[in-house]
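Accompanying notes for the structure given below.
The values are calculated or read from the model by the stated rules, or taken from the named source; none is laboratory data. As the structure is a prediction and not an experimental result, all values here were calculated from the model. Cβ sites come from the backbone with ideal geometry, for glycine too, and all protein chains shown count toward neighbours. Surface accessibility is based on the protein's heavy atoms, side chains included, excluding ligands, DNA and RNA. Shrake-Rupley method; radii C 1.70, N 1.55, O 1.52, S 1.80 Å.
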Amino acid sequence: MSGKRRVAITGIGLVTPAGIGTAATWEALLAGRSGIAPIRTFDASGFPVRIGAEVKGFDPGRWIEDQKLLKLANRAHGFALAAAEEALQDAGIRPTAETASRWGCVVGTGIVGKAFDELAATHAECVSEGALDTDRLFSSHRMGDPVTFCRTQACAGVGLLLRRFGIRGYASSVHTACASGGQALGTALKVIRRGMADRMLAGGFDCMLNPVGLSSFILLGALSPDNETPERASRPFDATRNGFVLGEGAGVLVLEEWTAARRRGARIYAELAGDGNSLSSYRITDSHPSGDGPIQAMRAALADAGATAETVDYINAHGTSTLMNDRSECAAIRAVFGPSVSGVAVSSTKSVMGHLISAAGAVEAAVCALAIHHSLLPVNANLTTPDPDCDLDFVSERARPRRVRVALSNSFGFGGSNSCLVFRHPEEVGA
Amino acid sequence: MSGRILVTGLGGICAAGTGPEQIWDALAAGRSAVGPIRDWNASAWPAPVAAGIPDLDPRALVEDRKLHKLLRRTDLFGLYAAARAIDASGLLAFRAGLDPAAAETFNDRSGVYVGPGGGAYQNQYEFFPALTAAHGDLVAFGREMSAVVNPMFLLRSLPNNVLCHIGIRHGFKGPNACVTNHAVSGALALLEAAWALRDGEADRAVAVGHDAPIEPENVLYYQRLGLLSGAAVRPFDADRDGTVLGEGAGAMVLETAETAAARGAPVLGEFLGGGCASEGEGLLSIRADGDGPARAMGLALTDAGLRAAEVGLIVAHGNATRHSDVSEAAAIRRVFGPAPPPVTGFKWSIGHLLAGSGALEAALGLLALRRGLVPGVATLRTLDPACAPLPVSPAPQAPRSDVVLTLSRGFGGIGVALLFRGLTGSVS
């Protein structure tokens, strides 16, 4: 451990279904106030699933005055720009011409494609009998718009963040489905450790709450169909759970090399202390019932942080509210923690804000940092019928005061990538 | 802890061949794989050419036919190149001789790093029949969609498909990353893999970059942005008028020297260092002074502990767009002074593989060192005075040392430089 550069979390920005801004989100997570409701951003009345975790009342112009830049941003990019602005304001530091090359940026990016209205326009303009007509595509004045092209690049989000905040160091966007946000933070942690940057803007953003994204999860049967009781629909670890609720949003953190953060007297929420990363190599969407895959990620993360299971006080679970994930994750936690599992409190904040897909890992990392900072554990809402296969100490009913020495955040993605991040209370960091 | 990282397997596929050696031979012979677009009638388009892989037989690339309905064209290339690199390394034969517990540890210590591309537009066309059936009515679309759209749509859309299926197919379960960063994806996947091994996160890793950008809508955008040539890729030439899209993949197996020596692995080269830097000026902007690529190359040299004079060959990005080449030449002069080592590029022959380019070009760069020959840029006629002086030539050159630098540049003004040493034989 001694040779490693440490990494401090000094800024947090959140745009989530629970609230716009870190304070609003955190308050809703503590109160268990659901961000899940009937879908309003488009007419979902024909779909078998009509509920979602939408970001409500979002206006990117309130955060970013550069209209030219916003023109190139899709809804998810808007979330990312706003969350990044809040994180930098919160950290009280920004890249300057002198420091720009020592700032980096890594973001977890969603599955990129055209927005539904753009796809519908393509369909109206140049589709014959269900297939693309390339002659009509080529001759149409409406097609081939560079703005659409820019918005649909996988690296568009990182490109906008670099430009907006003047970052000129290491820059990357990553995608491992629902583990993207966690893997982005893990990558950023290592960039600082390796000395490639001193400060990083890191996080994740996503918006699949559109007709295509919603359809794609409905087709897989992954979503809760509880249209009549949206606020109860996401109930991770409850015996009656029946799928996840699709959400949207962004979480961005400012990470700083520890001594640089201390030197400028920054407020440090927590140390980002460890990253564990594994591949299940089992099936595309299924998790191994034994927890194989996530087990290795959690063990590697604890080892990377130089932490033991006994010092972990809180786990922000992946907890999607699907039978398979929840049972597999509980098995993994039991295997890693052994007898000390009784000492660790667990909650899934997806119970309140739904599943933010590529943003989930980043937003939930922020939740761990806030739990450490406030000595408060957010609630796992809607857990009223215990599942004997999920017999952990869940933070059910209400938020729980607790000083957190070490916290873990799990994120597991389709495709089998598993991310586990370890956070440490700043007072627990040795001199 | 900072042990050496060795290259023990290469894989590649593109329009010029189905293996790195075959592709290298085409380059050395001055053969370009650029030709008319065949997948649709593009004869009236201003840029009717591409370096597409002809007569693609998916089963020749991925034997498991059940998998085909879950894979995009780009994924076939990535899985193929990765499998060839793993085969060449002999890793699986070595694992087969281990007892079950040791094999399990082997898998947990084997990483997978992928830079995927492709599929942004064509994949969504799966929804066209549903849109047609709905006659523009979203309520009807929601009601009918399930009966019309392939339920596997999302799984086929996952950018991390190759990562997932390399894991399932080869049993690797270690650290992993999936870099979705346009044309630096493959190079950055290689760099993250190498750094992970250097930091002791794994003992070995396969890194692959793959892409299949030759689809009508994508070509239309590149064309409208003025990025495509209608005829040929002429890097650094006074008459260059854009790039040509290519498709395929490149892959490398990397191992720590300790584990490679323990199994007597074949050794092709050594990873020396890398760097990544951005310009922060926008998605499509490029600084004229070469600031980003110059800093990426500087970081790579520092990471490798090398002086610029020790580099024997530069494999340039050389995509033959007006702005990219001139700024790249400026960057090379900034780092290497007025007399850089021989410079070449491969896109004139294989096209621009975007996410696949960095990984394949790094593999080809290593082969150039092993053969002691820098292939010429056959399409170069007159060096652009704005790029001069630059030691790039249509004729073959000799590398100045056994170190190759490859440069990749992508949208967002992001540049990645990689340094490898060419080696022959096996470690002991």
Open item on the list: Given the whole protein assembly as supplied and a 1.4 Å probe, what does the accessible area of A:ASP135 come to in Å², nearest 10?
Closed with: 90
Open item on the list: Compute for the protein assembly as shown: radius of gyration divided by Kirkwood radius, i.e. Rg/Rh, restricted to C-alpha atoms, rounded to two decimals.
Closed with: 0.95
- [ ] Return the whole-Å distance between the Cα centroid of region B:1-70 and the Cα centroid of region B:214-232.
- [x] 19
Task: Separation of the A:ASP145 and A:ALA303 label points, Cα + 7 Å toward Cβ, nm - done: 5.2
Task: Anchor B:LYS69: lysines whose Cα lies under 30 Å away (excluding residues fewer than 8 positions away in-chain) - done: A:LYS114, B:LYS173
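Based on the mean of other beta carbon atoms within 10 Å per residue, what is the order of B:255-263, B:135-143, B:166-174, most packed first?
Top of the packing list down: B:166-174, B:255-263, B:135-143.
So for the protein assembly as shown: antiparallel DSSP bridges make up what percent, rounded to the nearest 5? Please report the intermediate quantities before stating the final value.
Numbers: 87 of 129 bridges.
Expressed as a percentage, antiparallel bridges in the protein assembly as shown total about 65.
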Task: Spatially proximal lysines relative to A:LYS350 (Cα-Cα < 17 Å; intrachain offsets below 8 disregarded) - done: A:LYS56
TODO: Keeping every protein chain in place, order B:GLU361, A:GLU231 by accessible area at 1.4 Å, biggest value first, i.e. largest first.
DONE: A:GLU231, B:GLU361
Open item on the list: How large is the accessible surface of B:SER229 in square angstrom, using a 1.4 angstrom probe and rounding to the nearest 10?
Closed with: 0
Task: For region A:69-142 versus region A:183-203, the gap between their alpha-carbon centres in whole angstrom - done: 23
Task: Loss of accessible area when B meets A, both sides summed, Å² nearest 100, probe 1.4 Å - done: 6800
- [ ] Please work out the C-alpha center-to-center distance from region A:285-362 to region B:101-130 and express it in whole Å.
- [x] 23
Task: Peptide-level mean, for A:274-285, of C-beta atoms on other protein chains within 10 Å - done: 6
Task: Peptides A:217-227, A:420-430, A:361-371 ordered by average Cβ neighbours within 10 Å, highest first - done: A:361-371, A:420-430, A:217-227
TODO: Could you state how much accessible area A:TRP63 has, in square angstrom rounded to the nearest 10, with a 1.4 Å probe and all protein chains kept in place?
DONE: 50
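Answer rounded, prolate or oblate for chain B, using the Cα gyration tensor with square roots of eigenvalues a ≥ b ≥ c: rounded when a/c is under 1.5, else prolate when a/b is larger than b/c, else oblate. Kindly include the intermediate steps, with their values, before the conclusion.
Values: a/c = 1.76, a/b = 1.09, b/c = 1.62.
It comes out oblate by the Cα gyration axes.
Grab the beta carbon distance between A:ARG263 and A:ARG398, set R0 = 45 Å, and tell me the FRET efficiency rounded to 0.05. Intermediate results must be reported in sequence, preceding the final value.
Values: r = 39 Å, r/R0 = 0.87.
Taking R0 as 45 Å, the efficiency between A:ARG263 and A:ARG398 is 0.70.
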Open item on the list: Modelling each spin label as a point 7 Å along the Cα-to-Cβ direction, I'd like the B:ALA29/A:SER342 distance in nm, to one decimal.
Closed with: 7.4
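In whole percent, how big is the carbon plus sulfur part of the accessible area of region A:251-373, probe 1.4 Å, protein atoms only? Don't skip to the answer; put the middle values down first.
On the way: 1650 of 3090 Å².
So the carbon and sulfur contribution to the accessible surface is 53 percent.
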Open item on the list: Once you place label points 7 Å from the Cα toward the Cβ at A:GLU125 and B:ALA231, how far apart are they in nm?
Closed with: 3.1
- [ ] Report, for chain A, the % of DSSP beta bridges that are antiparallel, rounded to 5.
- [x] 65
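Can you figure out the FRET efficiency of B:THR302 with A:THR384, using R₀ = 56 Å and their beta-carbon distance, to the nearest 0.05?
Using R0 = 56 Å, I get an efficiency of 0.45.
When ligands, DNA and RNA are left out and all protein chains stay put, how many square angstrom of accessible area per residue does region A:7-96 have with a 1.4 Å probe? Please list the in-between numbers first.
Working: 3350 Å² over 90 residues.
On a per-residue basis, region A:7-96 sits at 37 Å².
Going highest first, how would you order A:408-414, B:394-400, A:169-175, A:43-49 by mean Cβ packing within 10 Å?
So the order, starting with the most tightly packed, is A:169-175, A:408-414, A:43-49, B:394-400.
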Open item on the list: Checking buried surface per residue: for region B:118-140, which residues lose a minimum of 30 Å² accessible area in the protein assembly relative to the chain alone (1.4 Å probe)?
Closed with: B:ALA120, B:TYR121, B:GLN124, B:TYR125, B:PHE127, B:PHE128, B:LEU131, B:THR132, B:LEU138, B:VAL139
Task: For B:169-177, mean number of other protein chain Cβ atoms within 10 Å - done: 6
